[in-house]
Every structure is written in C-alpha cells, then in structure tokens.
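For reference, the structure is listed below as structure tokens.
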Amino acid sequence: MPDLAQYNPKAPVRRWYLGYSLRVLGALVAVVAGYWLLRSLDFERLVGVLGEARPGYLLLVPTTVLAEQWVRAWKWRQIVSAICELRTTWAFRALMAGYVPGLAVGFGTSALARSWLLARRTGTHTSTLLATTTVDRLIDAFAFAFFIGLTAVVAELPSSQVLLTQGLRWSGLLVVSIALFVLLLLTDLRRGRGRRFAGVVRILPTRTRTWLKAGVEGYAHGIVWPRAQLRRAGIVAAALLIKLIAGTQYLWAGLAFGIVLAPGDYLFIMVFLGTLVFLGFFVRVPGTGLLASLFALELLGVPKAEALAMTLTVIASFILTIVVGGGVALIREGVGLSQLLSRARNVGGGHSSG
C-alpha cells in the first residue's frame, strides 16, 4: 500500500505540464525546421519528378523493407533458440504484427505485442521473450556503432560540416557506452545480482516499473546467448546485414528519380537517421524522420524536389508495407487489434495463454 505521507499530489500535475511543454516545444521545432527545409520548394517540379518515377525501382523499396524484416526475424530466431525452437515464419509474423499496435498507440507497445504473440506459439513466458528482444536490440546497437565509425572514415561530407562529423563520432561513443551499460545490467540480472537493474527500474514510468517487477524472474531467463559458434556468428552477420539492407532503401528510391550517390553517402544517411531516431526516445519532435531525411539528402547535394520525392517514397513504402504486412500477420495469427493491444498492456510475468 502506498505511503500517503510521502505522496505529493502536485507531482502528476507537474509531470503533465512537463510532458505537454516538451510536446509543444517539439512541435515548434518541427514547424521551424520544416519551413527552413521546404521554403524554396518548387511544387510544380516536385509533381513532375513524381510523375517521371521508375516503377521498377519504386517496387524495390517495399521489397527491401520486407527483406530487412525477414533477416531480423531470422536473427531473433537464432537468439530464442537458446530457450526453445521456433520457425522463422513465426518470428516474422510476430515482428510484422507488432508494428500495428506500435502505429496505433506508440512504438513502446511493439516489443510487448511481439513477445506475447510468439509466447502463444512456443508456450514460453512473455517476459522471457521480451528479454530476448532486448538482447536482439543490444546486438543491433553494437552493429550500429560499427557503421557510425565506418561512416566517419569513408563518408565525404562537405568541409563546412566539421561539427556534424564530430557529432557522428561522439554519437558512436554514446551508443557504445549505453550498449555496454545495458549489457552490464543484463549480466547482473542474469547472475542474480539485480541491484543496478532495480535502480534503473525506479526511474521508469509506474506501469512499466510494475510490469518489470512482476516479470523479473521470467525476464532474467530470457537473457541468453546461443552456445553454438555458428549461430553466434550468424546473429552478428545478420545485424550488420540488416543495416546494409536498410541503407539500400535510399539507393532504390534515388534510382527511381534519377539520383545516384556515392556508397559512403548511403551509409551516412542510414547512420544519420538512425542517430536521430535514437535521440527521439529522449526528445520527441514530430516528423523527425522526414525532416532528417530532407536535411541529409540536401546536405549531400540532392535537389530539393528529388530529396522530398525520395523521402516520401521511403516513408510511404515503410508505412504501407508494415500496415498491410502487419494486418495480414494478425489475420494469420487469428488475433484482433483490440485483443493484441489489451495483451500488450497487461501481460505479466506468467505463462502466456492463447
């Protein structure tokens, strides 16, 4: 029972004002940045560019999205193999279906939804599978840090962008530092020494904190790493391949509108957007992906109309693919969206049920 003597009735109000203020500030930043990036856009030229798009290359963008998700599902399967056996198709359907509640409510629900869907198939604890997604993202973080370092070496940015180059290098160090800290937390929890983990949990929102405390035992069982060297190598290779596949989305989108960049430029776009997505967990700015993509492409010398056409193609292809693919996956799993949202919000540490 909560200690009423320590309860501060003004705290929820302050949190609401802080959250509201940050959202308003983020919206203002988005409006100003959008105006600055699009202030000289020629809409007639944009229409002409879109009308001359090459359909074959356009179709390769959503195909690339599906390929990336399939490799991601295969990688997840290799991690989960230390707990139980499953098919790549099960992991793929869970991944795709998880995007749907993420779009409807917020991407914080995606991992929970995927874990619950896969738990129905395997009879495993939902919290255990949720931990495997954490391990999965941890591997992604180290792979991303590798590409940040590679980009800092091979990408040829304008000499005037010294601060941006330095920012990339520091962001790589930041990603590695956070990844190592998370690795330390998971290692402690797996070994039964969860004091650092408990300290981090205390700063999380009440709902998340309650869920983690209830499912901490099952979560600890999901902090695994396959024993087979071949599987380990496959996981690392898949993490690197996923980043490369993601970078080719801008290759195909550019070719659709007659734009060809240097290989290092595609790496820069992937790293730059990924870094801002990471920072978006701390500072919410509406339309971050669109604005960042426009900025990166214009920085690399892509004309404004073509830059917007490429950006819209990549974003629309991703949304359309995950909405259609996620919907089909939900139908194949026999789960409605309302049921999935309810399960994602209320899963606990116990056995999942169908």
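The values are calculated or read from the model by the stated rules, or taken from the named source; none is laboratory data. Predicted model only: the values in this text are computed from it and were never measured. All Cβ positions, even for glycine, are placed from backbone atoms using ideal geometry, and neighbour counts span all protein chains on display.
For the range 84-93, the criterion of being in a helix (DSSP H, G or I), charged (D, E, K, R) and either modelled with pLDDT under 90 or surrounded by 19 or more Cβ atoms within 10 Å (Cβ to Cβ) (or both) is satisfied by at least one residue. Can you pull out every residue in the range 329-342 that is within 23 Å of Thr88 (Cα to Cα) and either at pLDDT below 60 or more than 21 Å from the chain's Cα centre (by Cα) (or both)? Matches in the range 329-342: Ile331, Arg332, Glu333, Gly334, Val335, Gly336.
Among the residues making up the range 257-271, those that are part of a helix (DSSP H, G or I) and surrounded by fewer than 24 Cβ atoms within 10 Å (Cβ to Cβ) are Pro263, Gly264, Tyr266, Leu267, Met270. The residues of the range 169-192 that are farther than 16 Å from Asp140 by Cβ, aliphatic (A, V, I, L, M) and out of contact with any Gly (no Cβ under 9 Å at 6 or more places or on another chain), listed by number, are Leu173, Leu184, Leu189. For the range 99-119, the criterion of being of a type outside the set (A, V, I, L, M), touching a residue at least 12 places away in the same chain (Cβ under 8 Å), touching an Asp or Glu at 6+ places or on another chain (Cβ under 8 Å) and over 20 Å from Gly247 (Cα atoms) is met by none of the residues. Would you mind stating whether Val80 is surrounded by fewer than 21 Cβ atoms within 10 Å (Cβ to Cβ), closer than 24 Å to Val328 by Cβ and in contact with a helix residue (DSSP H, G or I) (Cβ under 9 Å, 6 or more places away or on another chain)? Considered against the rule, which asks whether it is surrounded by fewer than 21 Cβ atoms within 10 Å (Cβ to Cβ), closer than 24 Å to Val328 by Cβ and in contact with a helix residue (DSSP H, G or I) (Cβ under 9 Å, 6 or more places away or on another chain), Val80 comes out as no. Select from the range 36-48 the residues that are modelled with pLDDT of 80 or more and within 30 Å of the chain's Cα centre (by Cα) and list them in ascending order. Residue satisfying the conditions is Leu46 alone. When Arg332 is tested against (1) basic (Lys, Arg); (2) over 26 Å from Ala145 (Cβ atoms); (3) outside any helix (DSSP H, G or I), exactly one condition is not met: (3). Going by what's in this entry, would Gly102 be described as surrounded by 18 or more Cβ atoms within 10 Å (Cβ to Cβ) and either modelled with pLDDT under 85 or more than 25 Å from the chain's Cα centre (by Cα) (or both)? When the stated conditions are applied, Gly102 passes them.
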